[in-house]
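Working notes for the structure below.
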Amino acid sequence: MSVAAPKPRLVTPAFLSLAAATLAFFIAGGIVLPIAPRFAKLALGADALGFGIAIGAFSVASLLLRPVVGWSSDRFGRRPLLIGGSIVTVVGMLLHLVATDLLLFTLARCLLGAGEGFFFVAALAAAADIAPEERRGEAISFLSLSLYLGVAIGPPIAEVIFGAGSYNAVWLAAAAVAAVAVVLAFFVPESAPALTEPGSARAARGPLIHPAGIFPGIVILFGLWGMAGFLTYVPLYGPEIGMSGVGLPLAIYALVVVGLRIVGATWPDRYGAARLSSAALAVSAVGLAIIGLFNTQAGLLVGTLVFATGVAFTMPALLALAVSRVPATERGTVVGTATVFLDLVFGFAPVALGYVADARGYGSTFLVPAVLAAVAAGLLVARRGALERPVAVAGG
């Protein structure tokens, strides 16, 4: 009777360094998360359109950079983008200190989006590089825990600092944590195959827009309106239903995602990314419908619990599916392509949902994304077989 070979090791010093840098980076972003909407609406007096533009500027900046960033990470390496993205984020946080009008605030948000665009693509591509092939989905799931831990840890810190201090105290705290990410990024080794593997040439790279990332990106475009609406409008919806702060629903959201990604880290590899993502999007749609239909604190908390259950598996499975269909030298490009659609969602949805909020109230900003998440689940079911086949790219 043969004994099954042990799984190749995933948790290595390189992976731990990457995860620590990613955690610090997204804690900094999490600190800003619940305060930025209040600052735009209350301190700067933004109307619905100005509010949506300022908050959405983060994703527009990432969108414009994402394809070039993905290609650059394959061509020039992951490490420079991790370090550079962290530095740009520190500068963007400090610019908040002098943002006395909506224009400067929007510029600061653009810098944060640019920094995230550099860092996020490089981190995901590096995780795929470092992980053994049969544990790639697990690696992306675990790395994304750093993002959601940041969302869990950052907002309560922000609420405490804001309650005891001011907007400027929040911006300074976020800048300090982002500076820690800069330092940690220097400890992440280079992992891009074009630079580290003998025989891999820099010329062996994919196009700026990779076909393997397009359909997963379309699913992201429909399916993640809920995340964009939740993170943007929960800070405004909470006070409307009697909450003094929204640290609790944001913490529930992040902690549920973290817990399920730990428990189900191997599920994208075990059950199939397309199947898992379609089920996750259906669950997300139910959670969003609960929040939108039951305009109470209990409705928000229960809906958040259900919604986060679906969110836990959507992005890791789709990204694992995309990178599994391309050569190692094209991973950054395919991640850049797929995440362009993430930026489209976070850039456009806050603006569109702002009009929905003005016309129908904040509860409706969750119902529209619920319908779109259900559509995304249907698209995955219809195209699951095609998604599980590799995509060839002609040329270099």
Relative contact order for segment 25-149: what is it in percent, counting Cα pairs under 8 Å that are at least 6 residues apart? 32 percent
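On a 1.4 Å probe surface of the protein chains, which of Trp267, Trp225, Trp171 comes out largest in accessible area, and what is the full order?
Values: Trp267 80, Trp225 35, Trp171 0 Å².
Solvent-accessible surface, decreasing: Trp267, Trp225, Trp171.
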Calculate for the chain the 222 nm mean residue ellipticity that helices alone would give, adding -39,500 (n - 2.57) per DSSP H run of length 4 or more and normalising by residue count, nearest 500 deg cm²/dmol. -26000 deg cm²/dmol
Within the set Leu281, Leu195, Leu318, GNM on the chain using Cα springs under 10 Å gives the largest fluctuation to Leu195
Dimensions in Å of segment 237-396 - Rg and Dmax from alpha carbons: 17.3, 58
Of the residues Ser73, Ser86, Ser324, which exhibits the maximal mean-square fluctuation in a Gaussian network model of the chain defined by a 10 Å Cα contact cut-off? Ser324
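Using only the alpha carbons of the chain, what is the convex hull's orientation-averaged projected area in square nanometres? Walk me through the intermediate numbers first.
Working: hull surface 76.3 nm².
Seen from a random direction, the Cα hull of the chain projects 19.1 nm² on average.
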Using label points projected 7 Å from each Cα along Cα→Cβ, tell me how many nm separate Arg383 and Glu190, to one decimal. 3.6 nm
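I'd like the carbon and sulfur percentage of the solvent accessible area for the chain, probe radius 1.4 Å, heavy atoms only, ligands and nucleic acids excluded. Let's see the in-between values first.
Values: 10420 of 14710 Å².
Reported share for carbon and sulfur atoms: 71 percent.
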If R0 = 35 Å, then Glu133 and Val286, at their Cβ-Cβ distance, give a FRET efficiency to the nearest 0.05 of 0.55
For segment 226-295 and segment 29-101, what is the centre-to-centre distance using only Cα atoms, to the nearest Å? 22 Å
Both in Å, the radius of gyration and Dmax of the C-alpha trace of segment 1-149 are 18.2, 72
Report the label-to-label distance for Phe76 and Asp47 in nanometres (one decimal), using points 7 Å from each Cα along the Cα→Cβ vector. 4.1 nm
By the Cα gyration tensor axes a ≥ b ≥ c (a/c under 1.5 gives rounded; else a/b larger than b/c gives prolate, otherwise oblate), the shape of segment 110-159 is oblate
The chain, dipole about Cα centre (Lys/Arg Cβ +1, Asp/Glu Cβ -1), debye to the nearest 20: 640 debye
Given R₀ = 22 Å, what would the calculated FRET efficiency be for Arg360 paired with Ile214, taking r from the Cβ atoms and rounding to 0.05? 0.10
Modelling each spin label as a point 7 Å along the Cα-to-Cβ direction, I'd like the Ile262/Asp101 distance in nm, to one decimal. 4.8 nm
If you bin the C-alpha pair distances of segment 241-301 every 10 Å from 0, what whole percents do you get? 19, 42, 28, 11, 1
Send over a whole-number figure in Å² for the accessible area per residue of the chain, probe 1.4 Å. 37 Å²
Relative contact order of segment 197-313, pairs being alpha-carbon contacts under 8 Å that are 6 or more residues apart, as %: 27 percent
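The values are calculated or read from the model by the stated rules, or taken from the named source; none is laboratory data. Every value quoted in this text rests on a predicted model; they were computed, and no experiment measured them. When we count neighbours, we look across all protein chains shown, and the Cβ atoms used for this are built from the backbone with ideal geometry, even at glycine. Note: accessible area is taken over every heavy atom of the protein model, side chains too, but ligands, DNA and RNA are not part of it. Shrake-Rupley method; radii C 1.70, N 1.55, O 1.52, S 1.80 Å.
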